[in-house]
Structures are given as C-alpha cells and as structure tokens.
Amino acid sequence: MSFHTENGDSSMLKTKQMEAYVVDNKNQKLTTDNAVRVSSTDDSLKVGERGPTLLEDVHFREKITHFDHERIPERVVHARGSGAHGYFELYESMAEYTMADFLQDPAVKTPVFVRFSTVVGSRGSSDTTRDVRGFATKFYTRSGNYDLVGNNMPVFFIQDAIKFPDIVHAIKPEPNNEIPQATAAHDTFWDFVVNTPETAHMVMWLMSDRGIPRSFRMMEGFGVNTFRFVNAQGKARFVKFHWKPMLGVHSLAMDEAQKLSGKDPDFHRRDLWEAIERGSYPEYELGVQMLEEEQEFDFDFDILDPTKFWPEEIIPVKIIGKMTLNKNVDNFFAETEQVAFCPANIVPGIDFSNDPLLQGRLFSYEDTQLSRLGGPNFREIPINRPVAPVHNNQRDGMHRMTINPGPVSYFPNSIAQNSPSTASREEGGFVHYAERVDGQKIRARSDSFRDHFRQATLFWNSMSAEEKKHIINGFHYEAGSVKDKSIRQKVVDMFANVSPELAKAIAPGLGVTAPINVIPNYMKSASPAVSQENTIKSPATRKVAILVENGFCPVSVQSMTEALKAVNAVVETVSINRSVLTGKDGMLLEPNKDFTTTHATFYDAVYVPGGDHVSALAQNKDARGFINDCLNHYKTIGASNEGMELLKATEAAVLAQNLLDAQNTPKVFEGMVAIQNSSDLQPFFAEFINQLSMHRHWSRPV
Ligand code: HDE
C-alpha cells in the first residue's frame, strides 16, 4: 500500500475524502431536507394574513425542528476548542524503534487534524483564562487513526484516573451557583489541591506562564502519559511524546490575558485562524524521549507516574518529524465540534504502559463520545473517518451511514469465506505487547508514586527570576481569590514543601502567615529546557500597531511597514477613528483600526512614527492608554523623531528619560527603542525588529 504514489500527495488524502461531504450552495435553489424546492422562507403558512399558523406548514416545522435540535452536549472538559487540518512529515525512519506505519518512510506525508482547547471553561468562554491547554492530534495513517491526545504541560494533577471526576468537579464552576466560569480562582479547586498533595507539581506549571499562552502556535504539546514503541522484532521501549513549536514557547502577561478575556474572548481562535488564512502555517516538531525497558527503575521518579516529567537533560528528546497546519475548517460544527479524540486509538507499533492515569483514559473518551455524539457510529462522521478502509461486522445503531450488503455480520463464517478475516502481525494486525504482569488485585498506590514535591521544586529551580515573579503573581490572583482563609493558609503551608522562598513570597498576597520552621529544600537541580527564557525567539507573525493621526510621517509608516513585512510580521495602522488621514506630504491613509475597535492587548508591539500627528495622539486618552498598556504588558515600544512626544505624555515618560539622547542612532532601554533627529531610520527599524523578536521585556520596571 503506497499512499504517496497511488494517490498523489498523501497529505491531501483526508481533505479529498472530506470533499465528498461538502455541499456548495452557490447558485442553488433553497430546498427542504427532502430536496423539495421552497417558495418562501419569510412568512409561515397562516389562515389569512393575521390568522393562526397551520400545522401543515411542512417547511416551517422542519426549519424550527432542526433548529431546536442544533446543539449537542459540550465536552465535559475541553469544551472550548479550535481545530485545523494539516500534515505530518517524518525526518528519518523510526523503523528501528517502532513499526508505526507513519513513522517508517520520510516520503509519506500523513494528514492530521488538530484541536487545541482550554479545559475548564464552557464552549462560549474566553480563550485566555489561566488554564491547561489541550493539544490533540489525529493522524490519519494508512494503518488506521492514531490519536496523540496531549496537553501543553507535561504532567498532570493526579496520578490515578479514578480521581478525575473529583478534580474536575473541584475546578469547574461551583455547583450551587455555577460561579466562577473558566477559572481555578475559587475555593473548591484550592480545597482539593491542599487535600491532594500530588497536585503540587502541575499547580506550579498552571501558576506559571504556561497557563496563559500567547498563541496556540507558540505552545508545546506533551503526550503526558508514558507509551511504548514496539518494533517489528517485538522489542518495546518506553516513550514520551513532545510537540515543539517552531515559533518558540511564549506567554501573555497576566493582566494582558485578563483584559483580553473581555476585549477578545476569541483571541487564540482568531490568531490561529488568521495565521492559517495568511499562509503563516503553524509548525511543530515531533520529539520522542525513549527508554529501554531495562531502564524502567533507573530514575529517582517512577516513569509511570504522570505527575512527573522526564527531564530532557537526562533523557534527551529526539526530534523525528514536523507537523504543519495549513487548512482551516470549512465548518466548525462538522469538524471541530464533532471530532472525537481518544488515547486508546493507537496503531501497530505503539502500545500502552501501565500508567494508571492512561489506563483510565482508555475507557473515558469513547464512553463520553457515545453520549456526546449520539451513539456508536460517531466514527463514521467525516472528520472521524480513517482514510484507511474499514471492514468489520459492526452493524446498525443510531445514524448508521455505511451500507453493508449480504447476510454475513459474524465471524467465523463460511458463507463469506471468513471475510473480513483477521490479519497476522506481518499483515499489519495489531498484536498487544506481551508484557508480563503478575500481582494481587488491590486498590493501592505504589510507594514509588509517593514523592509529590521534588519535581515541583525542580520546576521552580528551573525558572528565571522573572518567571518566578509571574508564578508568585499567579498564586496571588488564583489562590488569593479563595474566600476561606484556612484554605489559603494551607496553600502556603503546602507549597513551602516546594520552596520556602515561594511560600514566603506568596503568603502576604494570600493574607496568611509564612511557615516559620520549614525544612529548607535541598533539591538544587534544574531543567533549563522547561524555562521559556531559553526558547526560540523570532519576529515572524508578531503583530505590530502603528499609531497615526493627521500629519503622520508617511515615509516612517511606509518603511516600517515594509521592514516588518520583510520578516513576516503583521502590521496594522491604528487611529482615533476610521476616517481617511492626511500625512505630512499630503499622502492619504485609511487606518486599519481605531482605538474603539481594537486594543493594545491585540498587539505584540507599538510604533509611534514622527510627524505633527503626535500632539493629537498625546491629547487622546485612548492613545495614551494604548502606550500605557503596551508598557505594562512588557511589549516593545518604538518611537522615532516627534513620536517620542507621545511617550512623554504617558506612564512611559519615566523610562523614556533614558532614551532622550537617542540622537541620530537608535537607543534601547528595557524594550523601548527610540531615535531622534534622524532621517535614516533603517538602523532604528532593525533594532525595533530585534526587540520585537524578544517577545516581551519581562525585566522592565513597571
Ligand atoms: Fe482528557 N478527557 N482525561 N486528558 N482530554 C477528554 O474526552 C480524561 C487527560 C485531553 O479536543 C474527554 O472527548 C480522563 C490528560 C484533551 O476533543 C474525557 C483523564 C490529558 C481533550 C476525558 C484525562 C488529557 C480531552 C472530554 C484521566 C493530556 C480534548 C471530551 C485523569 C495528556 C480532546 C472527550 C478534544 C478530553 C477524560 C486526563 C487531554 C472526559 C478520565 C492527562 C486534549 O473523556
């Protein structure tokens, strides 16, 4: 079977399969679901113009009935999400380690569908609340669908899936009043945390910048659970999966994320959609950490414990391929809402481990999908169909699409000569890894799962000084919002086990006392790979606002726009309102946005060009507010020539003092870039772009 030769570009297989279901309404007549043409859809059938509506109005009834049943239950967790199509390409054959068909031949491109999500909020909640992000990938491989259902954090809150309903009930809105929406900042979550020390490590990740990503395109994905690779000789190795974004891992500032929740609840969804529409396709490399079976007990953590990650410094990540997301969905409901991921969807060459969280997940996903998608035939929904052929004796059920001819729906049979027949391992049949397991039937937890704090400390130790401050602020807001003081005290007491320094720093914000007699934590090691300070930095796809008013300097605006576009950044001009503006030399410009329809939080940087327009901007509170927000959210701020006057009228004035001698050459201070009295702005643009690529200037004193 060769997808790439027989069917052209193998990355297009899924898109081609789905095309058969796409209906184009262009230039068509309106019909009922029974394909009868409709003559009017504006007035219901009545007895006289002012009389009652008739039951025989078939079109009315169909239209309303369908509408009444449009919604399906939202996902019990990960309800809010955004999906995109793409493909995966392999860098080198992984045949030595796994038989997984899509990991054999670098010439084969495997179609994928990805859904990113928040966990706690409802379908209509906001994208930027502090939360874990789901990162689920469906590979439509030629030996069946493989789902890598991961998160943007490598560890989980709990060690055993039996605790999942408890943690989810605790973090969801409280059941008596359904408050608060989409956040951990309330009593029940922290009550669960302080009573469940195994949550400590993941809570550290959640309070860190990882909880508020800048973009789905700029976050890592982790399979979290330990899986197995099995090669053609039947040899198995333990494996953990990683997605590494080509744009690096970046986050929002906490205040920025909170403001965005109101200003644009669709911030991440829009960012993903627009990047794909522009052709700036999100890319992620796939990495694997592999361990020989004999290494299972070589570490100071249990490799089956999902509250532990495998530090990259001791178990390196081997980069094996790349995923590109290059197509938005045609219909959100049909694709993103109906897609069904399941960690039990594996293919020959990949197998499970005894990770007790994974084992429970293997049951839950299909179970929830049976009710969410209305019965056992949800795999026939176009987005869920494999591109590999399906042949079995499954029959009937709600919404069955497949028409299976003939009398045989059982095995073995002689009427159809035993077809469909089973396949041996050599023929691609899935054979479970023959792991030897002995034991007593007990409800218990291994002693090797008892340490809950060492890796939480490792994570804390790995953070830069600025990242530590963000974690402290995260605790301040999230645990500080808890009403019950005794829970807040227990939070401080519990996290003293992670770091006495952390406990001391969060105690005042939580209004409780720092523990006095704590045993200092002697864990000194760190894992630099988990600090976002060490990530890839790039100006590509960053969004920059250029503030303009009548009298702006056209050369500055034009050349900055060109310089930014050359590095694939996105530029928008923003003004007080949308009327056409006249530049210094009479050039006309229609601004892309105004201060009412956009906001500083939508951008990564702001540039104030020179020109007479600055006085109008300086007198406008929204223009000043724009600069203030960029300042307080650690963004790059650039000003050339008269542009500096706007900075001087804002909270940035104090820092701008350090830029006053930027005569003829650009000067930089804490992510602020300026140049004055210069007609050659090119060095300034280069420096602005350099600062932009740094993402945020976290050490700026604000
Ligand atoms: Fe999930 N999880 N989960 N989860 N999960 C679901 O399945 C569950 C866990 C993850 O975009 C549900 O179809 C249990 C870890 C993602 O459609 C449900 C446990 C990780 C998504 C479910 C976990 C995840 C889900 C809800 C054990 C990271 C969204 C709707 C404690 C590796 C997939 C659905 C999408 C969705 C159960 C823990 C990731 C209820 C029992 C760990 C990305 O079945």
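Nothing in this text is a laboratory measurement; each read-out follows from the coordinates by a stated rule. The model shown is predicted, which means the values in this text are computed figures rather than measured ones. A quick note on method: Cβ atoms are made from the backbone with ideal geometry, for glycine too, and the neighbour counts reach across all protein chains shown.
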- Message: Can you list residues from other chains, or at least 5 along the same chain, whose modelled amide H is less than 5 Å from the amide H of Ile320?
- Response: Leu286, Gly287, Val288
- Note on the structure: Of the convex hull drawn through the C-alpha atoms of segment 328-441, the volume per residue in Å³ is 180 Å³
- Taking Lys and Arg as +1 and Asp and Glu as -1, residues besides Val482 with C-beta under 14 Å from its C-beta add up to -2
- First obtain the Kirkwood hydrodynamic radius of segment 538-692 from its Cα pairs, then insert it into the Stokes-Einstein equation at 4 °C and 1.567 mPa s, and state the resulting D in µm² per second as a whole number. 87 µm²/s
- Message: Just to check I understand the Karplus step: with θ = phi - 60° and J = 6.51 cos²θ - 1.76 cosθ + 1.60, what whole-Hz values come out for segment 17-33, glycine and proline as x?
- Response: 4, 6, 4, 4, 9, 7, 10, 9, 8, 4, 6, 9, 8, 5, 10, 7, 5
- Where does the chain land on Rg(C-alpha)/(2.2 N^0.38 Å)? 1.07
- Query: Taking N as the number of residues in segment 462-533, what is its alpha-carbon radius of gyration divided by 2.2 N^0.38 Å?
  - Reply: 1.13
- Can you list, bin by bin at 10 Å, the percent of alpha carbon pairs in segment 81-384, starting at 0? 6, 27, 37, 24, 6, 0
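Rank these for me by crowding, Thr196, Thr601, Thr596, going from fewest to most other beta carbons within 10 Å. Mind showing how you got there, number by number?
Numbers: Thr196 19, Thr601 24, Thr596 10.
Ranked by crowding around the Cβ, least crowded first: Thr596, Thr196, Thr601.
With +1 on the Cβ of every Lys and Arg and -1 on the Cβ of every Asp and Glu, and nothing else charged, how large is the dipole of segment 462-533 about its Cα centre, in debye rounded to the nearest 20?
On the way: 8 positive and 7 negative charges, 49 e Å.
Computed about the Cα centre, the dipole is about 240 debye.
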- Note on the structure: Any lysines whose Cα falls less than 30 Å from that of Lys593, other than same-chain ones fewer than 8 residues away, would be Lys259, Lys263, Lys327, Lys537, Lys543, Lys565, Lys584, Lys621, Lys635, Lys648, Lys667
- Task: Can you pull the one-decimal nm distance between simple spin-label points at His169 and Asp42, each 7 Å off the Cα toward Cβ?
- Result: 5.4 nm
- HN-Hα J in Hz across segment 153-168 - Karplus 6.51, -1.76, 1.60, θ = phi - 60°, x for Gly and Pro: 10, x, 10, 10, 5, 10, 9, 10, 4, 5, 8, 4, x, 5, 5, 5
- Message: Need one number: nm distance between label points at Ala444 and Asp680, each 7 Å from Cα along Cα→Cβ, rounded to one decimal.
- Response: 7.8 nm
- Neighbourhood charge, 11 Å Cβ-Cβ cut-off, centred on Lys308 and excluding it, Lys, Arg +1 and Asp, Glu -1: -4
- Task: Calculate the radius of gyration of the Cα atoms of segment 640-685 to one decimal place, then report Dmax, the largest Cα-Cα distance, as a whole number, both in Å.
- Result: 9.7, 28
- Rounded to whole Hz, the Karplus (6.51, -1.76, 1.60) HN-Hα couplings of segment 91-106, x for glycine and proline: 7, 8, 5, 9, 4, 4, 10, 8, 8, 3, 4, 6, 10, 9, 10, x
